2 protein chains.
Amino acid sequence: MLGEFDLIKKIKDRAYRNSENLTKGIGDDCAIIRQSDGLDSLISCDLLVEDVHFKLGYTPARSLGHKTLAVSLSDMAAMGGRPRFCTLSLAIPDHINDKFLNEFFDGFFALADRYEVTLIGGDTSRSPDKFVIDLNIIGECPSGAAIRRDGAKAGDLIFVTGSLGASAVGLILLERGYLPVEKSPNRIETLMNRAVQAHLEPDPRVEIGLRLLELGIATSMIDLSDGLSSDLNHICEESRVGARIYADKIPISDTAEATKEDGLSLALNGGEDYELLFTVNPQSQNLISNLDKDVRLTLIGEITNGSDVLLNTFHRSEALLPGGYEHFNK
Amino acid sequence: MLGEFDLIKKIKDRAYRNSENLTKGIGDDCAIIRQSDGLDSLISCDLLVEDVHFKLGYTPARSLGHKTLAVSLSDMAAMGGRPRFCTLSLAIPDHINDKFLNEFFDGFFALADRYEVTLIGGDTSRSPDKFVIDLNIIGECPSGAAIRRDGAKAGDLIFVTGSLGASAVGLILLERGYLPVEKSPNRIETLMNRAVQAHLEPDPRVEIGLRLLELGIATSMIDLSDGLSSDLNHICEESRVGARIYADKIPISDTAEATKEDGLSLALNGGEDYELLFTVNPQSQNLISNLDKDVRLTLIGEITNGSDVLLNTFHRSEALLPGGYEHFNK
């Protein structure tokens, strides 16, 4: 079967239709529909499938409810949008009981309340086998202001929020059966707990997305769900540019110390960090300091002419191939 | 575990939030969001799960693609809305190959083209087991004009489009292994083919929904997805009224002749007919004739005071209990 990105490309070609107020269809973090009152609507969906995106063995119900909404809030953040509404569809197997659902909704609504997102609809069904969750999020931004994937220009600087790789570390630990140590954890256990938390309950960068849109300085943006290597390639493809990033500048999460894996590789390919990757014209670089002081921002490289996406290491420059997760690849 | 409707009620109570431009949240065929340009957005989702909503053994891929969109178009029709955009999430197991997906999208886009609906986004994932499909549809109508479930008043007349029960007959035949006879079918085979077609590729009543909104005569409306008995009860609950319908007036599909099942029971409880059930003030009854002449309309009863939903048969009046399909009931 086709790889996930090939399948999406094929559907995208077939879905194309010239609709008067559709500004952007398939191919970005959100679709953009122009409303005639100075606002655009932003829409995005995320599917979470048991044993593909999460395992019930190590995923608390509350965390799953949180993550269901968090991954879509991250898509909204990646456009600079303000989340407003969502719909939720649940295919529920017999092994999910009322207690699990209650806790799932505790986590879900706690995050929804934080961002004042209203659940306006959905569908529920029995599922013969796996727990399947689909969330659609609807947000808004001033007309024409959404930060898209396709606006990066040669010479733009590439920034990333926070640090990368913690979610991948957390997943490795959870797969190994690690249970967070709650009573006086030592230094390594503290790192391990943080990694697990990053994987189970990612914190979407909604505020920084909104602030970037307000400042009007980001020429393109994407959230790091697939992994930096894949997501930077998405930006470059959509913007028809290349990029060069520097291995020694990538903000590798200190939680990488808790595994024997290569921290750089986890930061590049691990995925699910839900940080923001954005590009800025060098002339606007000084405005970056106006962003939230609490969020670490790192300059990791620059956009180039052509289509090569390169990783500079100490010794050499190599192609940065998409190494993030892709469905259907065998 | 809670029944489906109890679960939805519980989520609805928790989801409530006073949002400035949310006119209607959970509890109707679509949510309604007021835009400030004289239009309302209408949003609805439908989940289709393999071996719950369909079996691959008797469902052609093309029909499944058609039905995926058709059931949501029917929700849009039930509000009198014009469908505009949709998102589609697919959790795809190994037994779904590229050929199946191609045919699925043939059916999907054929119907999307007919109603000029644009696919603007979605998500795809591997599925460990079942094929799971979630569709969100977005439509519009003039502000405040959507036909809701909660507007029926005592004395209103109850109408239904088309005839009822064919989809249930089709499902029975398919479950028995019936394969449509394509070459010179006899009379019964013609009925059987029609029933199978009604189940596999329902025809949503989009035009009649739009026309009813335009005429402004429907006080409430719902589409018949769960079954007349359940869906009439939904109208009565939301409108806080009762109803009386007459067994001898219910337009039972002539395809019922193709099974030994009771046609009335199939028409009341079979579900998935995707016809429209709507109520009209008696003073507007003469305007009904302005509706599409090609669609059969039948007056089946009236809205009453109180909360009893009754079925009058030749001999007596009995309670019409929701007999349609409900998930999670064991």
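Return the residues of the stretch A:282-309 that are under 16 Å from A:Arg240 (Cα atoms) and either out of contact with any Leu (no Cβ under 6 Å at 6 or more places or on another chain) or not assigned by TED's automatic domain parsing to the domain that holds A:His234 (or both); say none if nothing qualifies. Within the stretch A:282-309, A:Ile303, A:Thr304, A:Asn305, A:Gly306, A:Ser307, A:Asp308 qualify. Checking each residue in the stretch B:122-135 for being in contact with a Leu (Cβ under 6 Å, 6 or more places away or on another chain) and either within 7 Å of chain A (Cβ to nearest Cβ) or of a type in the set (Lys, Arg) (or both) picks out B:Gly122, B:Asp123, B:Thr124, B:Ser125, B:Asp134. Would it be correct to say that A:Asn233 is surrounded by fewer than 17 Cβ atoms within 10 Å (Cβ to Cβ) and either assigned by TED's automatic domain parsing to the domain that holds A:Asp46 or not aliphatic (A, V, I, L, M) (or both)? No: the conditions fail for A:Asn233.
When the residues of the stretch A:1-18 are filtered to those that are assigned to a helix (DSSP H, G or I) and facing another protein chain (nearest Cβ under 9 Å), the one that is modelled with the lowest pLDDT is A:Glu4. Listed residues B:Arg187, B:Arg194, B:Arg148, B:Arg176; which is away from chain A (no Cβ under 11 Å), within 24 Å of B:Gly81 (Cβ to Cβ) and of a type in the set (Lys, Arg)? Every option except B:Arg148 fails the conditions.
Only a single item in (1) part of a loop (DSSP other than H, G, I, E, B); (2) surrounded by 14 or more Cβ atoms within 10 Å (Cβ to Cβ); (3) modelled with pLDDT under 95 is not met by A:Asp273, and it is number (3). Flag not set for A:Thr279, criterion: in contact (Cβ under 8 Å) with a residue 40 or more places away in the chain and in contact with a Lys or Arg (Cβ under 7 Å, 6 or more places away or on another chain).
Annotation: A:Ile138 fulfils all but one of (1) more than 27 Å from A:Leu266 (Cα to Cα); (2) surrounded by 21 or more Cβ atoms within 10 Å (Cβ to Cβ); (3) within 14 Å of chain B (Cβ to nearest Cβ); (4) in contact with a helix residue (DSSP H, G or I) (Cβ under 7 Å, 6 or more places away or on another chain); the unmet one is (4).
Taken over the stretch A:21-32, the criterion of being under 21 Å from the mean Cα position of the chain (by Cα) and either small (Gly, Ala, Ser) or in a strand (DSSP E or B) (or both) is satisfied by A:Lys24, A:Gly25, A:Gly27, A:Ala31, A:Ile32. Among the residues of the stretch A:73-91, write down those that are outside any loop (DSSP other than H, G, I, E, B), among the aliphatic types (A, V, I, L, M) and more than 10 Å from chain B (Cβ to nearest Cβ). Residues satisfying the conditions are A:Leu73, A:Met76, A:Ala77.
Quick check on this structure: which one of B:Asp75, B:Asp150, B:Asp113, B:Asp98 is more than 22 Å from A:Asn136 (Cβ to Cβ) and touching a residue at least 24 places away in the same chain (Cβ under 8 Å)?
When all the criteria are applied, what remains is B:Asp150.
Scan the stretch A:43-72 residue by residue and report those that are crowded, with 19+ Cβ neighbours inside 10 Å, facing another protein chain (nearest Cβ under 7 Å) and more than 14 Å from A:Ser225 (Cα to Cα). Within the stretch A:43-72, A:Ile43, A:Val49 meet the criteria. Residues in the stretch A:19-42 that are free of Cβ contacts under 8 Å to residues at least 60 places away in the same chain, surrounded by fewer than 22 Cβ atoms within 10 Å (Cβ to Cβ) and within 8 Å of chain B (Cβ to nearest Cβ): A:Ser19, A:Leu22, A:Gly25, A:Ile26, A:Ser36, A:Asp37.
With respect to being within 29 Å of A:Ile133 (Cα to Cα) and in contact with a strand residue (DSSP E or B) (Cβ under 9 Å, 6 or more places away or on another chain), B:Asp156 falls outside the description.
Of the residues making up the stretch A:2-16, those that are of a type in the set (D, E, K, R), within 21 Å of the chain's Cα centre (by Cα) and surrounded by fewer than 18 Cβ atoms within 10 Å (Cβ to Cβ) are A:Asp6, A:Lys9, A:Lys12.
The values are calculated or read from the model by the stated rules, or taken from the named source; none is laboratory data. Keep in mind it's a predicted model, so treat the numbers as computed, not measured. Please note: Cβ atoms are built from the backbone with ideal geometry, for glycine as well, and neighbour counts cover all protein chains shown.
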